[in-house]
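Below is one structure, written out as structure tokens; comments come after it.
The values are calculated or read from the model by the stated rules, or taken from the named source; none is laboratory data. Everything numeric here is computed off the predicted structure, so don't read it as measured data. Reconstructed Cβ throughout: ideal geometry from the backbone, glycine too, with neighbour counts over all protein chains shown. For the accessible areas, the whole protein counts, side chains as well, though only heavy atoms, and no ligand, DNA or RNA atoms are used. Shrake-Rupley method; radii C 1.70, N 1.55, O 1.52, S 1.80 Å.
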Amino acid sequence: MSRPSRQAPRVVVLDYGSGNVRSGVRALEHVGAEVELTADRQAALAADGLFVPGVGNFHACMAGLRRAGGPLLIETRLAGGRPVLGICVGMQVMFDGSEEPSAHPEEGLSEWPGTVSRLKADVVPHMGWSTVRPPAGTRLFEGVEEERFYFVHSYAVQEWTMAEPHGAMAAVAPKVTWAQHGGDFVAAVENGPLSATQFHPEKSGEAGLALLENWVRSLR
């Protein structure tokens, strides 16, 4: 894989206090991006790609995003067709909300309709490697359609209710990837400039690096 160069796509990893993001920075650098970890508005808006991490409680992540001005950053980028990639809870916050308990509940960003709910499985959290089922025409999973990816989560979106494209992503119909743990759940979505994965590509070995490289390549 290539190293960052003067022509490398510039990616901002949004630093809003969501856990250890260094592995994401290293993985993106490894696949050829020039990476900055920051919450600076201008840097986030100017970057070729915005990487939105997320670990832990949905509502705590949303509160952190709001404090950092994340919702407006994401909305502004998407309105201009500028790529955003959400990871784990960084994917969940793109939906309307979550049933995860919290003393201070927060609404999601509502880029996609749907509610994050507890997995219907005998063993929760879902922690480990699972095969995903990407749709035809996927760009994110190109070359790794039959690979396994690493998940760590207790909650997920388990229904896809968006009948028609809308908003900033209206020009492109969404491509939804599924996985299973006690039932089907949404493992990834590709929808115009907005992509997201429930799993951690930065912790998914060569398959995860290939997926990140596909995303970084699309930024050129």
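A few points about this structure:
- Against the empirical curve 2.2 N^0.38 Å, the C-alpha radius of gyration of the chain lands at a ratio of 0.93.
- Percent carbon-and-sulfur accessible area, the chain, ignoring ligands, DNA and RNA, probe 1.4 Å: 47
- Residues in the stretch 177-220 that a label on Gln7 would reach, taking backbone N under 17 Å of a point 7 Å out along Cα→Cβ: 216-220
- Given charges at beta-carbon only (K, R positive; D, E negative), |dipole| of the stretch 174-220 in Debye: 140
- As a rough guide to protection, the peptides 192-201, 136-145, 173-182, 44-53 ranked by mean Cβ packing within 10 Å, highest first, stand as 192-201, 44-53, 173-182, 136-145.
- Taking label points 7 Å from Cα along the Cα-to-Cβ direction, Ala173 and Ser154 give a separation of 3.7 nm.
- Of all DSSP beta bridges in the stretch 70-220, antiparallel share, percent nearest 5: 75
- The residues of the stretch 95-220 present an accessible area of 47 Å² per residue when probed at 1.4 Å with all protein chains retained.
- The stretch 1-73 versus the stretch 176-220: alpha-carbon centroid distance in Å: 16
- Each Lys and Arg contributes +1 and each Asp and Glu -1, all at the Cβ; summed about the Cα centre of the chain, the dipole is approximately 540 debye.
- Along the axis of the charge dipole computed for the chain (Cβ charges of +1 for Lys and Arg, -1 for Asp and Glu, origin at the Cα centre), the listed residues Ala187, Gly128, Phe141 are led at the positive end by Phe141.
- Check: the stretch 79-167 dipole with +1 on Lys, Arg Cβ and -1 on Asp, Glu Cβ, in debye: 180
- Taking all Cα-Cα distances within the stretch 45-93, those exceeding 16 Å account for 35%.
- Rounded FRET efficiency, nearest 0.05, which uses the C-beta distance separating Val124 from Glu146 and R0 of 41 Å: 0.95
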